[in-house]
Amino acid sequence: MKAPSASVPPGRAMYALIEELYPICRSITGNGVRDTLAILARLAPVEVREIPSGTPVLDWTVPKEWNIKGAFIDGPDGRRVVDFRESNLHVVSYSVPVRERLSLEKLRPHLHALPDRPDAIPYRTSYYEETWGFCLSQRQLDELPDGDYDVCIDSTLEPGALTYGEAILPGASADEIVISTHVCHPSLCDDNLTGIAVSVFLARWFAAIPNRRHTMRFLYAPGTIGAIAWLATHREEAPRIRHGLTLTCLGDSHPFTYKKTLGGDAVIDRAAALVLATSRVPHALIDFFPYGYDERQFNSPGFRLPVGSLMRGRHGMFPEYHTSADDLSFVSPDRIEQSFEVCRQIIEVLEGNETYVNLAPYGEPQLGRRGLYRATGGTDIADLQLALLWVLSLSDGSHTLLDIAERAKTGFRSIRAAADLLIAHGLLAPAG
Amino acid sequence: MKAPSASVPPGRAMYALIEELYPICRSITGNGVRDTLAILARLAPVEVREIPSGTPVLDWTVPKEWNIKGAFIDGPDGRRVVDFRESNLHVVSYSVPVRERLSLEKLRPHLHALPDRPDAIPYRTSYYEETWGFCLSQRQLDELPDGDYDVCIDSTLEPGALTYGEAILPGASADEIVISTHVCHPSLCDDNLTGIAVSVFLARWFAAIPNRRHTMRFLYAPGTIGAIAWLATHREEAPRIRHGLTLTCLGDSHPFTYKKTLGGDAVIDRAAALVLATSRVPHALIDFFPYGYDERQFNSPGFRLPVGSLMRGRHGMFPEYHTSADDLSFVSPDRIEQSFEVCRQIIEVLEGNETYVNLAPYGEPQLGRRGLYRATGGTDIADLQLALLWVLSLSDGSHTLLDIAERAKTGFRSIRAAADLLIAHGLLAPAG
Amino acid sequence: MKAPSASVPPGRAMYALIEELYPICRSITGNGVRDTLAILARLAPVEVREIPSGTPVLDWTVPKEWNIKGAFIDGPDGRRVVDFRESNLHVVSYSVPVRERLSLEKLRPHLHALPDRPDAIPYRTSYYEETWGFCLSQRQLDELPDGDYDVCIDSTLEPGALTYGEAILPGASADEIVISTHVCHPSLCDDNLTGIAVSVFLARWFAAIPNRRHTMRFLYAPGTIGAIAWLATHREEAPRIRHGLTLTCLGDSHPFTYKKTLGGDAVIDRAAALVLATSRVPHALIDFFPYGYDERQFNSPGFRLPVGSLMRGRHGMFPEYHTSADDLSFVSPDRIEQSFEVCRQIIEVLEGNETYVNLAPYGEPQLGRRGLYRATGGTDIADLQLALLWVLSLSDGSHTLLDIAERAKTGFRSIRAAADLLIAHGLLAPAG
């Protein structure tokens, strides 16, 4: 994929990226991740890092690297009944190499299917227990005749590296916003090619902004072990993270879900809540729980970094999750674009959330003589005019613009615009 | 209007005052305010103050004084189509003098009507932009034939003064309760002759109370510029304001609305909430927002005085608001009297809200041997007896009587009566 | 009643105890209480204390001791119309001795009935005013013919003692949990033979636990004066009470009601709320109010001990309350057993509520290599596994296990089990 031209709507451009990334067989290590990051690097300044297998990272150890060339099961009649080339979900991720002939009875414990979703191939992994397995639809499984099967997994599991990418966009401050997406899933679109696509387009957008306040870090790492490896190797940088988001499942048709940080009242929590509420998109705010994606590593007791998670469908709670039904038809350009827009507005809040003091704090300043007020009294007040009054009313040095937007129950952009107008008219100045 | 005799129900007496004030053409300056204050001074010790035009007050300047003798529009056929004598709303307040003949086309930008309320004359002002205009019903406007019109506004806009009134009723303490009402509206009853009437009758009632604790200040000033002028000229007194209320729209048939102070949890907020809840009148509590009447000046960052606002219909949210439909038929003696009663009870809470200590704090004192308890056990407890127990239970020096009434979900008068009874029996004493 | 064998279900055993206690005529002093405590002492180490009449206790004085042998009213025709032997509710508790012949008119002020519940005998007392009276059903009352009546109350009201019992089960800490039940009611089952039965069976259960953390104190004292007498004579011990419960009305068919401590957010309040919520029993949490049973003495300003109250039906709010309808048919073994179980779980929370630190706080520890995690990823997480993650996530030294269970919205036993498993695997240690 080339860098999209300005004329391509971002939804379509993100969807095209997902189409390109979809066939790649990713896992928590290996060439699938490398190939993915190489494609991302054409769109944003994503740098690739590698940590050797065997490296201790926090309580964990970087595992061996896994790669796979192909895999199949041939039936008693010699017909190929399962083929990795048709779907990389067919192989349990991290399956050790195998080439064997065995009866259906012996094979069966290595076969995974979903009785309640008979047409879907499940997604299964076995990173830390050396075994092998195939995933197939229940319908396929039910049709297997008795007899002997030829089984082949042409994989390697050897010392190598864990690969991850990061794009760092420096701002005026060393304070960081981190956007983290897991890149370890094979052909699953919603989880998490949508997260990856939104993240890399956010990086493109943010890179083009002049006068950036925060330093932004976009992480593309395998789930769990990737975040743990990053945290283990960035103990000095980690405390600079002021706000963070993990992104996943951003293309399905469910309402948005924002999962709060462990603290539950971080600025990122409030920014996400405000943007979702004032964008009037259907959504739910849910409390932190210590299961999910990499927000759990960032929020762990030793780090306690305020990282929330934005998704549409909640992982594990929709039937297509972690199955072959999470394909290109399950996500749409429009929904991905809307997700991008929500993320962008959240970042705008974080960037624009400053604290000011009203320079004419005694009574209301006379906006009329400054051209900031309708001249004829007696009618209702318009939105921007009310935003001006809110900013003047609460800018006492102890309220941020986010505080003000929350109380005004209005979009952050209106409050930010009102603040800029008041600054321009000498009625507002930065606090402190 | 003479001082009402004790036999006149206050609702009727307040309504009679409104009838007397209704025809007067008030604005933010001028003889209409002077005439109004002169009438109020017959009912309560209202003193009149004047601040000269041109005086700088906070971020503003006291404007020129406006007075008007008459105004009309004569049609092409010589017939008078608009006449100030029929309604002082017909002239945009602060219209500069004009005497001109001009075509309907030229006249039209000076004519204001309400297409969606075709029978009502709107109320319009132009205090800070020198212009002129007429207000009329949409029906009148639609009937104007083409042709030339003779237009006359016999007004003056000249250096003079801003006039306001205040009644100060000293109490044992210099701590103040302020009741503020705007007096700048011409012939509009609900907004704000009802506020003015309730305020002046509260002053009469409070003046008659012996052993007043707070100093009470009743302000009668034009909206915005009046409060600003008062604050500018009372920088030393302002911080003594402990509790305040602005009063408006107290005679219409909507449920009560109490608009909280900016802080939202001031004693006045809690007193108003308690009285409205325990009076079982339909009502809503709404959060502060920086638009409305003079509460916005008192609550501004430089002052942050805890001033809430009591109204029935919310300004700008009922169709009669700021139109000729806000007339004598729009308000009723009964509703004005109920509003007066709510205000009186709020002031009673502020006055009676003291903190005590239980002098027998270990276990429950034996109320029976003091005659404070029904002698035969086994049945339900009556309200006053429960109030006694609440006061004993919470009077540890850290709960005010208002705290106690809130927890007991009971009227303040019961809690106050219980406290007085316990004091009389030596079981309670002032804290500290 | 003998100590129940292990094979008797506790509900049945508690009901049998209630059957044995039911006929005894208890009051706030006297042999009824002594007989009751003697029965309890066969089940748990209940020690009996006596405080002489006339002893000053806090604001009160221990009253004379009341005992009764019999009482009756004989009608004009010599027929016995009321007989104490049929129900000890027939005599107003603390009635002075009387033997008189008097007309129905003179007798009537001494007769108490319930017009709205014509079949029930009310329960009435007159502890602190020396008088006498009879209680009877309205139906009985209505049938009394005019004429002269022979009235006899064979009671004594003389210097004696107030009797109460306590069972103290020492734990590793001097910090106490107090379970307090009033023992002053005559033949009323729900109020409070159920509270007494549940309490004494809790004492039996707790006594059998090795390694008890808290010292537990089970109090069996007459209402109000008993708690006051205990507090007066235990001024040094009282401050050691960390958590407490009064128990009453635990056998009726209403949903559970937990009445909070005055503070409202004590550990006992949260423990009760958690157990009731996670047991999924219908229940309501209600705020403290200074009327009810002995929680009001413990929570008084001088003591402010965090003692809540557990009940099913709320005293005074069901028609059988304090009438002869509160009999053996009004309570059931199953419901009493469920009440016992709720109480036991609350005590388990208090006992098990410790604070830990995660010893591998940076990121999530690798549970898999410790056998604490399912090996194959991609599926949903089970309850215990989520409990492990919750404990790890929040064990930073500032969250108790109760805090964690509340956030996890899960039963305390799961959280406690997860903590024990993590301790066993060296991942968790006591804080501080």
Subject >> Condition check for residue B:196: outside any loop (DSSP other than H, G, I, E, B), open to solvent by less than 10 Å² (accessible area, probe 1.4 Å) and within 29 Å of residue B:352 (Cα to Cα) >> reply: yes
Original post:
Does residue B:23 fit the bill of being more than 27 Å from residue B:153 (Cα to Cα), touching a helix residue (DSSP H, G or I) at 6+ places or on another chain (Cβ under 9 Å) and open to solvent by 10 Å² or more (accessible area, probe 1.4 Å)?
Top reply: no
**OP:** Quick one: in segment C:271-291, of everything that is of a type outside the set (A, V, I, L, M, F, W, C) and free of Cβ contacts under 8 Å to residues at least 60 places away in the same chain, which residue is farthest from the other protein chains (Cβ to nearest Cβ)?
**Re:** C:282
Original post:
Taking residue A:230, is it part of a helix (DSSP H, G or I), surrounded by fewer than 23 Cβ atoms within 10 Å (Cβ to Cβ) and not hydroxyl-bearing (Ser, Thr, Tyr)?
Top reply: no
**OP:** Go through the residues of segment B:298-313 one by one and say whether even a single one is farther than 30 Å from residue B:171 by Cβ and touching a helix residue (DSSP H, G or I) at 6+ places or on another chain (Cβ under 9 Å).
**Re:** yes
**OP:** Could you list all residues from segment A:243-259 that are in contact with a Leu (Cβ under 8 Å, 6 or more places away or on another chain) and surrounded by fewer than 24 Cβ atoms within 10 Å (Cβ to Cβ)?
**Re:** A:256, A:257, A:258
Original post:
List pairs: first in segment B:250-261 and of a type in the set (A, V, I, L, M, F, W, C) and modelled with pLDDT of 95 or more, second surrounded by 23 or more Cβ atoms within 10 Å (Cβ to Cβ) and not in a strand (DSSP E or B), Cβ under 7 Å, 6+ apart or cross-chain?
Top reply: B:250/B:194; B:250/B:195; B:250/B:198; B:250/B:312; B:250/B:336; B:250/B:339; B:256/B:312
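Can you tell me which residues in segment A:327-349 are open to solvent by 40 Å² or more (accessible area, probe 1.4 Å) and hydroxyl-bearing (Ser, Thr, Tyr)? I'd like the intermediate steps shown before the answer.
Restricting attention to segment A:327-349, the residues satisfying the condition of being open to solvent by 40 Å² or more (accessible area, probe 1.4 Å) are A:327-329, A:334-335, A:337-338, A:341, A:344-345, A:348.
The answer is A:329, and nothing else.
Yes/no matrix, rows are residues, columns are (1) of a type outside the set (S, T, N, Q); (2) at pLDDT 95 or above; (3) in a helix (DSSP H, G or I):
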{"residue": "C:2", "(1), (2), (3)": "yes, no, no"}
{"residue": "C:8", "(1), (2), (3)": "yes, no, no"}
{"residue": "C:15", "(1), (2), (3)": "yes, yes, yes"}
{"residue": "C:19", "(1), (2), (3)": "yes, yes, yes"}
{"residue": "C:33", "(1), (2), (3)": "yes, yes, yes"}
{"residue": "C:44", "(1), (2), (3)": "yes, yes, no"}
{"residue": "C:49", "(1), (2), (3)": "yes, yes, no"}
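Away from chain A (no Cβ under 14 Å) and acidic (Asp, Glu): is that true of residue B:294 in this structure?
Against the criterion (away from chain A (no Cβ under 14 Å) and acidic (Asp, Glu)), residue B:294 does not qualify.
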**OP:** For residue C:32, work out the one condition from (1) over 27 Å from residue C:323 (Cβ atoms); (2) open to solvent by less than 30 Å² (accessible area, probe 1.4 Å) it doesn't fulfil.
**Re:** (1)
Original post:
Is it the case that residue C:72 is among the aromatic types (Phe, Trp, Tyr) and within 19 Å of residue C:21 (Cβ to Cβ)?
Top reply: no
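Select from segment C:289-315 the residues that are of a type in the set (S, T, N, Q) and under 27 Å from residue C:335 (Cα atoms) and list them in ascending order.
Here is the first cut: in segment C:289-315, the ones of a type in the set (S, T, N, Q) are C:297, C:299-300, C:309.
Hit for segment C:289-315 is C:309, nothing else.
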Subject >> Tally, over segment C:199-227, of residues that are farther than 20 Å from residue C:25 by Cα and in a strand (DSSP E or B) >> reply: 4
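Quick one: which residue in A:243, A:254 is outside any helix (DSSP H, G or I) and touching a helix residue (DSSP H, G or I) at 6+ places or on another chain (Cβ under 9 Å)? Give the derivation first.
Working: A:254 fails: touching a helix residue (DSSP H, G or I) at 6+ places or on another chain (Cβ under 9 Å).
Result: A:243 is the single residue among A:243, A:254 that is outside any helix (DSSP H, G or I) and touching a helix residue (DSSP H, G or I) at 6+ places or on another chain (Cβ under 9 Å).
Can you list the helices (runs of 4 or more DSSP H) found entirely within segment B:319-432 that contain at least 1 residues being away from chain C (no Cβ under 13 Å), within 30 Å of residue B:187 (Cα to Cα) and modelled with pLDDT of 95 or more? Can you show your working first?
Details: elements: B:333-352, B:383-394, B:401-408, B:412-424.
Correct list: B:333-352.
Table: residues versus (1) crowded, with 24+ Cβ neighbours inside 10 Å; (2) modelled with pLDDT under 95; (3) within 16 Å of the chain's Cα centre (by Cα).
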site	(1), (2), (3)
B:181	yes, no, yes
B:186	no, no, yes
B:204	no, no, yes
B:207	no, no, no
B:211	no, yes, no
B:215	no, no, no
B:218	yes, no, yes
B:221	yes, no, yes
B:235	no, no, no
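Out of segment A:122-136, which residues are open to solvent by 20 Å² or more (accessible area, probe 1.4 Å) and either farther than 26 Å from residue A:62 by Cα or within 9 Å of chain C (Cβ to nearest Cβ) (or both)? Give the steps one after another, and end with the answer.
At the first step, the residues of segment A:122-136 found to be open to solvent by 20 Å² or more (accessible area, probe 1.4 Å) are A:124, A:127-132.
Matches in segment A:122-136: A:124, A:127, A:128, A:129, A:131.
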**OP:** Please give the number of the condition residue B:277 fails out of (1) in a helix (DSSP H, G or I); (2) crowded, with 17+ Cβ neighbours inside 10 Å.
**Re:** (2)
Subject >> Selection count, segment B:148-162, where residues are in contact with a Leu (Cβ under 7 Å, 6 or more places away or on another chain) and open to solvent by less than 30 Å² (accessible area, probe 1.4 Å) >> reply: 2
**OP:** Could you list all residues from segment C:297-318 that are within 12 Å of chain B (Cβ to nearest Cβ), surrounded by 20 or more Cβ atoms within 10 Å (Cβ to Cβ) and under 30 Å from residue C:16 (Cα atoms)?
**Re:** C:315
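The values are calculated or read from the model by the stated rules, or taken from the named source; none is laboratory data. Since this is a predicted model, take the numbers as computed values, not measurements. Positions of Cβ are backbone-derived with ideal geometry, glycine not excepted, and every protein chain shown enters the neighbour counts. Note: areas computed on protein heavy atoms with side chains; ligands, DNA, RNA excluded. Shrake-Rupley method; radii C 1.70, N 1.55, O 1.52, S 1.80 Å.
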